[in-house]
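Visitor: Once you've had a glance at the structure underneath, I'll fire off some questions.
The values are calculated or read from the model by the stated rules, or taken from the named source; none is laboratory data. For clarity, every value in this text was computed on a predicted model and none was experimentally measured. Cβ sites come from the backbone with ideal geometry, for glycine too, and all protein chains shown count toward neighbours. What goes into the accessible areas is simple: the full protein's heavy atoms, side chains included, and nothing from ligands, DNA or RNA. Shrake-Rupley method; radii C 1.70, N 1.55, O 1.52, S 1.80 Å.
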Amino acid sequence: MHGGALAGWLLMALCAVSGVYCLLRTRTGTPQERRTARSEALMGFGMAAMALPAAVLTPPEWAWAVYAVVFGAAALRALRSARRGSHHLHHLVGSLAMVYMAVAMAPGGGAGGHGGHGAAAGAGGVPLLTGVLLGYFAFYVLRSAGHLIPAGTAVASFAGGSAEGTVRGGPGGVMGGAAGGPTELTTACRLTMGIAMFAMLLTL
């Protein structure tokens with residue numbers, strides 16, 4: 001990342017912890033909730049791998065193709081499940097964003113390097129598409145944060161969420177979770193990955 005190795009380590013740690021938490025969630029809940037948790041664990045670990053500083057490991061050229069194939073398959077799966085809830089649409093956008101970053105960061109892909117493996121040599125990706133994804137994840141982060149802020153505060157009203165809605169599985173909206181609604185910890189995990197995705201897109 002442009003912020004240096006420290007920022008890369010921080011992103012990697014946050015995404016890895018989120019992935020581990022999502023992996024633990026696969027042990028409980030309904031089949032749909034476990035499938036959602038597996039998808040989120042894959043996203044968390046994939047983002048952690050992308051954020052690993054270059055001083056530790058420089059990925060081989062074929063790694064970008066692996067990223068693109070894995071998250072392309074995840075996007076297809078999310079597309080098939082999109083009719084079940086809005087959160088599957090978020091998985092679709094997230095998976096496509098991972099494919100986009102993998103293509104942009106691959107040798108010859110325009111970024112000239114890995115966003116999480118040091119500063120890229122010049123801008124990569126398509127500015128308009130990058131801007132659209134940044135706008136989406138910025139909105140997603142604000143909505144997620146709104147579900148963690150106590151109801152009645154000015155910030156919660158601005159973000160369109162409330163703690164009460166989170167605990168009780170309130171409005172789906174952009175956050176639309178599995179049946180019964182996400183817990184606060186699950187929402188915090190999704191918020192963390194949304195912030196990390198936004199930060200990684202900024203490096204393109």
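Visitor: Consider only pairs whose beta carbons are under 7 Å apart and that are at least six residues apart or on different chains; among these, list those whose first residue lies in the range 137-148 and is under 15 Å from residue 196 (Cβ atoms) and in contact (Cβ under 8 Å) with a residue 24 or more places away in the chain and whose second residue is β-branched (Val, Ile, Thr) and outside any loop (DSSP other than H, G, I, E, B).
Guide: Filtered contacts from the range 137-148: 140/174; 141/195; 144/187.
Visitor: Here's something else I'd like to know. Considering only the range 59-68, I want to know if a residue exists there that is without any contact (Cβ under 8 Å) to a residue 40 or more places away in the chain and within 18 Å of residue 137 (Cα to Cα).
Guide: Checked against the condition, which is being without any contact (Cβ under 8 Å) to a residue 40 or more places away in the chain and within 18 Å of residue 137 (Cα to Cα), the range 59-68 yields no hits at all.
Visitor: All but one of (1) closer than 23 Å to residue 188 by Cβ; (2) modelled with pLDDT under 90; (3) touching a helix residue (DSSP H, G or I) at 6+ places or on another chain (Cβ under 7 Å) hold for residue 105; state the number of the condition that does not hold.
Guide: (1)
Visitor: What residue, of 94, 46, 72, 8, is in a helix (DSSP H, G or I), over 22 Å from residue 184 (Cβ atoms) and out of contact with any Leu (no Cβ under 9 Å at 6 or more places or on another chain)?
Guide: 46
Visitor: Let me spell it out: the conditions are (1) within 18 Å of residue 185 (Cα to Cα); (2) touching a residue at least 60 places away in the same chain (Cβ under 8 Å), and residue 24 meets all of them except one. Which number is the exception?
Guide: Answer for residue 24: the failing condition is (2).
Visitor: In the range 27-54, which residues are without any contact (Cβ under 8 Å) to a residue 60 or more places away in the chain and open to solvent by 30 Å² or more (accessible area, probe 1.4 Å)?
Guide: Within the range 27-54, 27, 28, 31, 34, 35, 38, 39, 42, 45, 49 meet the criteria.
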